[in-house]
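Here's a structure for you.
All of the numbers you see were taken from the coordinates with simple rules; none came from a lab. This is a predicted model, so every value here is computed, not measured. Here the Cβ positions follow ideal geometry from the backbone for every residue, glycine too, while neighbour counts run over all protein chains shown.
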Amino acid sequence: MHMLLVQDMDRAINFYEKTFGFTTLQKSAFWTNLDCGHGKIALCSFGNKTERKETTLIIEVDNYKEAADKIKANGGQVITIAEPYENAPVYNVIMIDTENNQVVASQMVNLKAV
């Protein structure tokens with residue numbers, strides 16, 4: 001499980017449900033568990049919530065362009081989109097969620113097709 005600190009629990013839940021299709025398993029004002037299909041993400045309203053937080057969370061997506069559009073449409077920010085290159089066959093959408101967490105949305109690709 002990966003944990004993200006949040007400022008506004010309802011806003012964070014809304015962002016991850018609408019942007020990535022996660023579902024809420026358990027919810028409280030302090031702690032929420034989201035099912036992301038291959039694991040769980042915890043949202044916690046404790047601690048430093050306002051400064052930008054770099055995380056190690058990578059969310060696998062099927063289409064990086066659609067993910068970037070959804071990130072922006074649901075209140076997040078796309079910082080950059082890294083293109084695939086040799087030995088790194090992924091598009092990485094570096095983003096900031098609604099709670100100021102830096103997260104990566106990543107699409108695996110076949111380099112022969114790039």
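Using modelled amide H (1.01 Å from N, peptide plane; none on Pro or chain starts), what sits under 5 Å from the amide H of LYS53, excluding residues fewer than 5 places away?
HN-HN under 5 Å from LYS53: ASN101, GLN102.
Something else now. Got a sec? How would GLU60, GLU83 order by Cβ neighbour count within 10 Å, fewest to most?
On the way: GLU60 15, GLU83 12.
Least to most surrounded, the residues fall as GLU83, GLU60.
Fully extended, how many nm does the chain gain between MET3 and THR55 (0.36 nm per residue separation, minus their Cα-Cα distance)?
The span from MET3 to THR55 would gain 17.8 nm if fully extended.
Continuing with this model, one more query. In the neighborhood of LYS40, defined by Cβ-to-Cβ distances under 15 Å, what is the net charge if each Lys or Arg adds +1 and each Asp or Glu adds -1?
Spelling it out: positives minus negatives among the neighbours equals -2.
Right, another one. Decide, for the stretch 8-57, between rounded, prolate and oblate: order the square roots of the alpha carbon gyration tensor eigenvalues as a ≥ b ≥ c, take rounded if a/c falls under 1.5, and otherwise choose prolate if a/b is larger than b/c, else oblate.
Since a/c reaches 1.5 and a/b is larger than b/c, the shape of the stretch 8-57 is classed as prolate.
Based only on the alpha carbon positions, what is the Kirkwood hydrodynamic radius of the chain, in angstrom? Intermediate results must be reported in sequence, preceding the final value.
Working: mean 1/r = 0.0695 Å⁻¹.
Roughly 14.4 Å, rounded to one decimal.
Calculate the FRET efficiency for ASP10 and ILE81 from the Cβ-Cβ distance with a Förster distance of 25 Å, rounded to the nearest 0.05.
Result of the calculation: an efficiency of 0.30.
Now a separate question. By per-residue mean of other Cβ atoms within 10 Å, what is the highest-first order of 69-75, 14-20, 25-31?
14-20, 69-75, 25-31
Now a separate question. Mean separation of Cα pairs under 8 Å and 6+ residues apart, divided by the residue count of the chain: what relative contact order is that in percent?
26 percent
Out of residues 5 or more away from VAL6 or on other chains, whose amide H comes under 5 Å of its own, with H placed 1.01 Å from N in the peptide plane?
Amide H neighbours of VAL6, under 5 Å, 5+ apart: CYS44, SER45, PHE46.
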